[in-house]
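Student: The structure's right below; bear with me while I get my questions together.
Bear in mind that the values in this text are calculations on the coordinates, not laboratory data. The structure displayed is predicted, hence computed values, not measured ones. Cβ placement follows ideal geometry from the backbone for every residue including glycine, while neighbour counts extend to all protein chains displayed.
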C-alpha cells in the first residue's frame, strides 16, 4: 500500500496524470496557468467533450450496476449508485470548479487507499488466515462435506436419476446386476423389471421418467442432496451420487448436532465443541482441521508485543530499519543531486544519452534487480568476485556487515535515478538570475551551491525525501530478493537475520511461522509500522515548513 | 506491504469475476428458458440463477497446461452441452486466490495444482473430496496416496514428478549405487581433469534446498513426520530431530564448504544447471524439468537411481499434480462428471503428458509414455518415493529445515546442536 502510494505521489508522470484528467473531463482547455473567470461559458468543443466523456463513464457505470444487481450485492449497488449520481451532479452543474478538479482524485483515494487501510484495520481485529478463512456456516458445511467417507470395501454402484410426481429417485445397479430404487424419504426397494442399457446398467422403470444429463445438471442441487439409506442400520451409511452416473456408500466420520452446536466422531464418540477461537475442539485440545474467522479484539496487537520471536531481535531490527532507510535516502539523494548538477551544465555534450543511461536502473522492476544482484554478488561464481576481484571469495551477502553494505549499495543503484530525476527537474526550475547575482557578488561555486541552490532545492525536494524515507522503511523487495533478511542471527532460533527490516520481519512472522499464514497478525503489525512511519513523516513535514521561509 | 497488495488485487479480481459470472449467468438464463420449458416433469422447474449457471464449469489453469485441456473440454461440450471455461491464471496466484475466493462463492469450480496444496485447502474448507471408485486401481498407487488426506481422496492425479541423479556418461560411464561411490567417481573425474565439480545440486542462497537433499536424508533413516494408522502423515510425530537426523546433519557438514565440498552452498539452481550443461560435472541431482535442456545441449546422460547414504532406500519426495474441485461449486455435479469421467480418461492424461512432459499418473498412459527411457527411469524412481507431506504443519518445517541445512553446508555452527535447535523450533511452531 505504502509503496504504491509513494510511487504515485513521487513519480512526476503520475502527478501530471491526475492533474490533467479532471481538466479534460470538465471540458476545459488545458491552460490552467492563465486565470479565467470562474463561470466562463463552455465552448462547443468543451460541451461535446463533456457529454462524450460523461457518457462513457455513465455507460460503464450502468454496466457495473447491472452486474451488481444480478449478483445481488445490494450494499455495493447502493454505494455505486450514489457515486455515479454524485459524479453526474458535479460535472453537469455550472460552477463548482474545485469539485470538478478534486472529484476523481478523491474517488481514487477512497477506493485505493482509504478502503484498503480500513479493510486491513478490520482484518487486524480478526483471526483471518489459514484455518480461519470464512464464516462458521461455511466451516460446518466444509467439515460435513469432508467427513463423508466411503464405507470400506463397499461395492461401487451404477446410478440413474428418475423422476415421478415432482420427486427425484436414484436407480442403482450393483456389481452383481441387482437393481434397486429409492430416495432420501423412500427406503431402498429392489426392482426386478428395470430396463437396462447396453452396459447392463438399469436406466428405466415403469411409471418413472428417466432424466437425461442436462436435466440432471439443471436439478443438481436436489439430486446431490439425495441420501438413500442402505439399510435400517445407520452404520451401513447412505448411497449418494456425485456425478449422476455412479453411486457409492458413504458414512459420515463426524456428525453435526445443530442444537448443541457440536461435532461428534462417530467412531470414537469424541465431542468437538466451539472453543471460542474459531474452531471445534475436543476436550483434549485436538481441533478439527477447518475453522472459521472470528473477531479477536486486541489479541493480534498483544501478540505483536509479546511474541518472543518478535521481541528478542526487535531492537536490532528497528535500529537497522532506520539506518537502512536514512542511509538509503542520504546516499541516493547525494548521488542523484551530484549527477543532476553535473548533467545540468549547459555546455555538456551528449546530455540526453547520459540522462537516459542514468534512468535505466529505475526502469527495471526492483525484485528482478534484487535477484540479478544476488547472482552478481555470489561469493564463488558472482561476476563481482570472479571478474572484478580476480577470483576472490568474498561473502558479500553472507557476512553480516558486508551484507548490510551490499544491501545499501544495491539500493543506491536502484534508487539514485529517481533522485536524479527529481533533482534535475528542480534544478531546472531554479531562476538563473540568482545564480548570476551570487557570482557577481563574488561567491564561488561551492558557496553558490550551499547557500543558494541547496536551500531552494530543499523547498521542493524535502517532501520527496520524506516519502522516499517512508518507501525505504518498507522496502520489502530489495531485502527479500537480495538476502531474504539473512545471514541469520546465530543467537536466535528464529528465522531472523542481519539485514531483516521491520517489514520483512513482519512477513516472516505472519507467513513463515506456525502452520500457515496469519493475515490478522500481519495486519496488526502493518498498522504498527504505519504508525511509526506516519509519526516520523509528520514530524519531518513540520520541520520542512521552516525551509519554506527562504522563499518569503 | 505484501498483505495489502494481495488483498486489493484479490478484491478487484473478485469484483471482476463477480461481473463475469453474472454476465454468463444472464446469458445462460436467457438460453435456458427454452430448455426448462421442455422438461415439465422436473421437480424444480423454476430455473434460478444457480441452476442456469450450470451450463458452464469454470476452471483455473496456467498458460502451460491450458492448451492440453482443449480437446477434452471440447469432447465434454459435445457430449453434455456444458462448456468448460478455461481461465488462464498465473500459476503462482492460483493457490492463494482459490483460498480467498471460494468462500465468497465467486471462485472457480475446478483448479489444477500439486497435491501438497490439499492440506491447506482442507484447513480452509475450500475443497471437496472426489470419489474415484473403481478407477482408483487404474492410477499409480503412489499418486492416489499423495492425493489422500485424512482418509479421503481430494483430487484426480494426472502426473507424478520426482528427482533422480543425472549422470554424464561421457565422464562416468557406469552407474553407482551408493553416495560414497558417487563421490569417489566424481572426485576421480575432477582429479583426472575431466570435470570441475564432483557433484552438482542447486542450493538456494537463502533457503538451501531440503527437497533435493531429502533422498540422502531418508536413506540414513531420517524422516520428517511419522505416519498414522491410515497411512497419512501424523503432525504429532515429528521425527526430524531423531538420532538419524543428527547423523545426517553431521554428514551435511562433512560434505559442505568446510569439508569435502561435495555440496557447494554457492551453487544456485541456475549455476548447477549451467555447469552440468557445460559438461563440468559427472553428476547432477535434479528433476525431469531440466532434462529437455540437457538433451538439447547434446549431453550424453543416464538417469540413475538415487544413491544411498545409509541402509534405507534413498526415497525422493514425489509431487503429484492433479485436479481439485471447489467445496462451493455451484455446478458440483457436472464438475464431478467432468473430473471423474473425462479427466481420468487415457486421452486426457496423454494430452497432459504431451504438454508437460511429466510422467502420467494413469497406468495405461504411463506405459505409453514409458517408451521414452527417461520417463521410464524417472517413473521407476518415483515408484519408490514418498508423497511430499501435504499436511498444513509441513509449512512450519520448510524455513527452519532449509536454513539449518544451508548453515551446516556452509560450515557454520555445530551439527548436533543446530539440528536439535531446528527440531525444537519446528515443534514449537506446530504447537502454535
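Student: Can you tell me the 0 to 90 degree angle between the C-alpha axis of helix B:210-219 and the longest principal axis of chain B, rounded to 10?
Tutor: Helix B:210-219 sits at roughly 60 degrees to that axis.
Student: Which order do A:354, A:157 fall in if you start with the one that has the fewest other Cβ atoms within 10 Å?
Tutor: Ascending Cβ contact count within 10 Å gives the list A:354, A:157.
Student: To continue, here is another question. Taking 37 °C and 0.692 mPa s as the conditions, I'd like the Stokes-Einstein D for chain B in µm²/s, using the Kirkwood hydrodynamic radius from alpha carbon pairs.
Tutor: Once the numbers are plugged in, D ends up at 140 µm²/s.
Student: Report the Cα centroid-to-centroid distance between the stretch B:126-145 and the stretch B:327-374 in angstrom, as an integer.
Tutor: Comparing the Cα centres of the stretch B:126-145 and the stretch B:327-374, I get a distance of 12 Å.
Student: Spin-label point model (7 Å from Cα, Cβ direction): what's the residue A:154 to residue A:323 distance in nm?
Tutor: Result: 6.5 nm between the two label points.
Student: So, one more: Can you compute the FRET efficiency between residue A:432 and residue A:330 using 1/(1 + (r/R0)^6), with r the Cβ-Cβ distance and R0 = 30 Å? Round to the nearest 0.05.
Tutor: Numbers: r = 28 Å, r/R0 = 0.93.
Efficiency, from the Cβ-Cβ distance: 0.60.
Student: Starting from the Cα-Cα distance between residue A:44 and residue A:314, subtract it from 0.36 nm times their residue separation and give me the gain in nm to one decimal. Present the calculation step by step, with values, prior to reporting the outcome.
Tutor: On the way: separation 270, 0.36 × 270 = 97.20 nm, distance 6.36 nm.
Using 0.36 nm per residue and subtracting the Cα-Cα distance, I get 90.8 nm.
Student: When the label point is put 7 Å from the Cα of residue A:283 along its Cα-to-beta-carbon vector, which residues of the stretch A:250-266 have a backbone N closer than 15 Å?
Tutor: So the set is A:263-265.
Student: Please compute the length gained on full extension between residue A:73 and residue A:447, using 0.36 nm multiplied by the number of residues separating them and subtracting their Cα-Cα distance.
Tutor: Values: separation 374, 0.36 × 374 = 134.64 nm, distance 6.48 nm.
Going from the current span to full extension adds 128.2 nm.
Student: Fewest first, what order do B:212, B:115 take by the number of other Cβ atoms within 10 Å?
Tutor: Details: B:212 21, B:115 26.
Going from least to most buried by this count: B:212, B:115.
Student: Hey, another quick one. Given an 8 Å cut-off on Cα distances and at least 6 residues of separation, report the relative contact order of the stretch A:176-322 as a percent. Please report the intermediate quantities before stating the final value.
Tutor: Numbers: 165 pairs, mean separation 14.4, N = 147.
After rounding, I find 10 percent.
Student: How many percent of Cα pairs in the protein assembly as shown exceed 49 Å? Don't skip to the end; give the middle numbers.
Tutor: Working: 168945 of 483636 pairs.
Value for the protein assembly as shown: 35 percent of Cα pairs lie more than 49 Å apart.
Student: Enter the angle in degrees (range 0 to 90, nearest 10) between the Cα long axis of helix B:70-80 and the first principal axis of the Cα atoms of chain B, meaning the one along which they spread out most.
Tutor: Helix B:70-80 and the main axis of chain B meet at about 30 degrees.
Student: Normalised by the number of residues in the stretch A:115-223, what is the relative contact order in percent for Cα pairs under 8 Å and 6+ residues apart?
Tutor: Values: 110 pairs, mean separation 20.8, N = 109.
Result for the stretch A:115-223 is 19 percent.
Student: Over all pairs of distinct alpha carbons, what does the Kirkwood formula give as the hydrodynamic radius of the stretch B:66-133, in Å?
Tutor: 13.6
Student: To test your reading of the geometry: what angle, between 0 and 90 degrees and rounded to tens, separates the Cα axis of helix A:351-363 from the longest principal axis of chain A?
Tutor: 30
Student: Which of the three applies to the stretch B:273-432, rounded, prolate or oblate, going by the alpha-carbon gyration tensor with a ≥ b ≥ c and a/c under 1.5 meaning rounded?
Tutor: oblate
Student: What is the spin-label model distance, in nm, from residue B:297 to residue A:439 if the labels are put 7 Å beyond Cα along the C-beta direction?
Tutor: 6.0
Student: So, in nm, how far is label residue B:95 from label residue A:204 when the simple model puts each one 7 Å beyond its Cα toward the Cβ?
Tutor: Taking the simple label geometry, residue B:95 and residue A:204 are separated by 5.1 nm.
Student: Over all directions, the average projected area of the alpha-carbon convex hull for the stretch A:73-186 comes to how many nm²?
Tutor: Directional mean of the projected Cα hull area for the stretch A:73-186 stands at 14.9 nm².
Student: Between residue A:394 and residue A:225, what length comes free when the chain is fully extended (0.36 nm per residue of separation minus the Cα-Cα distance, one decimal in nm)?
Tutor: Fully extending the segment from residue A:394 to residue A:225 adds 54.2 nm.
Student: For a quick check: sort B:147, A:335 by the number of other beta carbons within 10 angstrom, fewest at the front. Walk me through the intermediate numbers first.
Tutor: Values: B:147 26, A:335 18.
So the ranking, lowest neighbour count to highest, is A:335, B:147.
Student: Relative contact order of chain B, please, whole-number percent, based on alpha carbon pairs below 8 angstrom and at least 6 residues apart.
Tutor: The value is 25 percent.
Student: Here is a follow-up. So, R0 is 41 Å and r is the distance between the beta-carbons of residue A:261 and residue A:97; what FRET efficiency does that work out to, to 0.05?
Tutor: Once the sixth-power term is evaluated, E becomes 0.10.
Student: Checking the a/c ratio against 1.5 first, then a/b against b/c, what shape does the Cα gyration tensor give for the stretch A:310-365?
Tutor: oblate
Student: Another one. For residue B:137 and residue B:311, what is the calculated FRET efficiency with R₀ set at 30 Å and r taken between the beta-carbons, to the nearest 0.05?
Tutor: Working: r = 32 Å, r/R0 = 1.08.
E(calc), rounded to 0.05, equals 0.40.
Student: Does anything in the stretch A:400-434 have its amide N under 19 Å from the 7 Å Cα→Cβ label point of residue A:387, and if so which residues?
Tutor: The answer is A:410, A:413-414, whose backbone nitrogens lie closer than 19 Å to the label point.
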